[in-house]
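The values are calculated or read from the model by the stated rules, or taken from the named source; none is laboratory data. In this text, all values refer to a predicted model and were calculated from it rather than measured experimentally. All Cβ positions, glycine included, derive from the backbone under ideal geometry; neighbour counts span all protein chains shown.
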Amino acid sequence: MPSSDPGGGERWRTAVVWFRRDLRLHDHPALADAISRAGMVVPLFVFDDALLGGRWPAPNRVWFMDRSARLLDQALRDRGSRLHVRTGRPAEVVPRFAAEVGADVVLVSRDYGPYARLRDGQVGKALESDGRSLRARRGILVHEPEEVISAAGGPFSVFTPFHRAWRQLPLRDALDAPRSIDLPGSADPGTWPSSADLRVPERPPADLPEPGEEAARDRLGRWLRSGLDDYHSRRDDLAADGTSRLSQDLHWGLLSPLEVYRRAKREGRGPAAYCRQLVWREFYHHVLWHRPGVTRGPYLAQFEGMAWSEDEDDFQAWCAGSTGYPVVDAAMRQLMATGWMHNRARLIVGSFLTKDLLIDWRRGERHFMAHLTDGDLANNNGGWQWVASTGTDPQPYFRIFNPVLQAERFDPNGAFVRRWVPELEGVPLARLHEPWKMSGDEQRAAGCVIGRDYPSPIADHAEARQRALAAYSAVRNG
């Protein structure tokens, strides 16, 4: 593993700063450390073959990452530097690049997933064999996994005590973006891969946010001015969407989580509720660090033997937004069109897949990761395991979201459903969330015949609930 020790007063002739999920200049500890202690600083970005086409391929994320990296390159050029680009296996290309520029050290922001740990271990060993080193700094999280520990000396598995301990730790100061960066003149800048190489279209594959740090900082500023104070009362409204929409910016490190937390931490119920959500993000990253096996199986081992349904027609209907439950279908179509889904909607569709359809949460996790621009291994896995009742601090298995009641509560005027399920545009509000209850005359008057213009429900919620309770109870008590 790379060293995370800041290293005191050690000096370097040349330092490579390898950008990954930290595509920003503000509050970047690894970059700041390199600038303060190295004679020359050489920025690097690697298009990693394993991430581009591996377990979690995602055109939305790749497009957003590529454009954000290009904008980081421009920001570096404005400061007298540039981003050097390489493509291939990091264990090969990073040591080769470090040798090319004569670097003593490669600095990174510490990452936490199983692949990231394997990758960094391989890169570190390759660098060491050549007399160089890999040094990791904080930057993706506010507090490191070793810092938030229970009284017994181990990691937390329940959020509330984790939150309490997390908040008691001191916050470091956020770092300013550097004004200038000295760059050696002879390094090969490399070639940016084309959209065809990355297997993404020239234009965004979905209705994605503007990439890059500057756009992310603009979003943060608008959120702090006009959204944060009412977050507690608007965050679950599906149509109003009172969320920050900063998740892709935090995933790709266009924003520092420390800066976001510091700027959001002020008096009021809205700020308190939002800051709590930022700590949930940290919690799931810490869980991933301490229990990397959650990426392959349930956190609660008792659910390893769960008898999941293999009904492919049900799964494909869920993916396509054709379940016959309007709020579920609206959310799934929102995902396909925008590369994002409202958090309340994620809970509703997750519960429907795992409880109403009794389909393995890992299939839903994969589908989300294939389309989410903010698809984050730790948070996506944590959310899916929570709603499937297999993870840390889980939703009790007997609490099963009723999609109709959820729609009536969080889309009371039907605006969310009508936006994403236009087949239901003419259905009166009283029937909108249960359109199958319309009479034949009502269906004809609404211009929506169930089974022809919009699908019949693929499951009866009351019956599905009893089936789920029986299946979970069998595993839990078996």
Output for the range 38-52, where each listed residue is closer than 16 Å to Arg20 by Cα and among the small types (Gly, Ala, Ser) = Ala50
Somewhere in the range 323-338, is a residue without any contact (Cβ under 8 Å) to a residue 40 or more places away in the chain and either of a type outside the set (A, V, I, L, M, F, W, C) or closer than 22 Å to Leu255 by Cβ (or both)?
-> no
Sole miss for Pro205 among (1) closer than 30 Å to Glu144 by Cβ; (2) in contact with a Gly (Cβ under 9 Å, 6 or more places away or on another chain) is condition (1)
Right, Arg77: surrounded by fewer than 19 Cβ atoms within 10 Å (Cβ to Cβ), closer than 16 Å to Asp182 by Cβ and not aliphatic (A, V, I, L, M) or not?
-> yes
Residue check, Asp111 under 20 Å from His26 (Cβ atoms), assigned to a loop (DSSP other than H, G, I, E, B) and in contact with a helix residue (DSSP H, G or I) (Cβ under 9 Å, 6 or more places away or on another chain) = yes
Here the residues within the range 295-328 that are in contact with a Pro (Cβ under 8 Å, 6 or more places away or on another chain), part of a helix (DSSP H, G or I) and over 14 Å from Arg362 (Cβ atoms) are Ala317, Pro326, Val327, Val328
Filter result (touching a Lys or Arg at 6+ places or on another chain (Cβ under 8 Å), crowded, with 21+ Cβ neighbours inside 10 Å and either at positive phi or outside any helix (DSSP H, G or I) (or both)) within the range 404-454 = Val421
Checking Pro403, Pro435, Pro428 in turn, the sole residue that is farther than 28 Å from Gly53 by Cβ, of a type outside the set (A, V, I, L, M, F, W, C) and without any contact (Cβ under 8 Å) to a residue 60 or more places away in the chain turns out to be Pro428
Condition check for Val85: part of a strand (DSSP E or B) and either crowded, with 23+ Cβ neighbours inside 10 Å or of a type in the set (Val, Ile, Thr) (or both) | yes
Filter pass, Arg281 being out of contact with any Cys (no Cβ under 6 Å at 6 or more places or on another chain), within 24 Å of His367 (Cα to Cα) and of a type in the set (Lys, Arg) = yes
Considering only the range 161-177, state which residues are more than 25 Å from the chain's Cα centre (by Cα) and assigned to a helix (DSSP H, G or I).
-> Gln168
Among (1) surrounded by 13 or more Cβ atoms within 10 Å (Cβ to Cβ); (2) more than 30 Å from Asp393 (Cβ to Cβ); (3) not charged (D, E, K, R) - the single one Ser194 does not satisfy = (1)
Residue by residue through the range 184-236, note down the ones that are touching a strand residue (DSSP E or B) at 6+ places or on another chain (Cβ under 7 Å) and of a type in the set (A, V, I, L, M).
-> Ala187
Determine which member of the set Ser157, Ser180, Ser150, Ser186 is among the polar types (S, T, N, Q), within 25 Å of the chain's Cα centre (by Cα) and part of a loop (DSSP other than H, G, I, E, B).
-> Ser157
From the options Pro29, Pro43, Pro57, residue that is under 29 Å from the mean Cα position of the chain (by Cα) and surrounded by fewer than 18 Cβ atoms within 10 Å (Cβ to Cβ) = Pro57
Which residue pairs have Cβ atoms closer than 8 Å, lie 6 or more positions apart in sequence or on different chains, and pair a first residue in the range 438-458 that is acidic (Asp, Glu) with a second residue that is buried (at least 16 other Cβ atoms within 10 Å of the Cβ)?
-> Glu442/Arg431; Asp453/Glu423
Could you tell me whether the range 272-285 includes any residue that is modelled with pLDDT under 95, outside any loop (DSSP other than H, G, I, E, B), of a type in the set (Asp, Glu) and not assigned by TED's automatic domain parsing to the domain that holds His28?
-> no
Filter the range 262-296 for residues that are exposed (fewer than 14 other Cβ atoms within 10 Å of the Cβ) and over 24 Å from Ala165 (Cβ atoms) and give the result.
-> Arg296
With respect to Gly221, determine if the residue is in the same structural domain as Arg20 (by TED's automatic domain parsing) and either farther than 28 Å from Val287 by Cα or touching a Ser or Thr at 6+ places or on another chain (Cβ under 9 Å) (or both).
-> no
Look at Phe368 and say whether it is touching a Ser or Thr at 6+ places or on another chain (Cβ under 8 Å), within 23 Å of Ala320 (Cα to Cα) and either outside any helix (DSSP H, G or I) or assigned by TED's automatic domain parsing to the domain that holds Ala462 (or both).
-> no
Please state which one of Gln406, Gln395 is modelled with pLDDT under 95, outside the structural domain of Trp280 (by TED's automatic domain parsing) and closer than 18 Å to His342 by Cβ.
-> Gln395
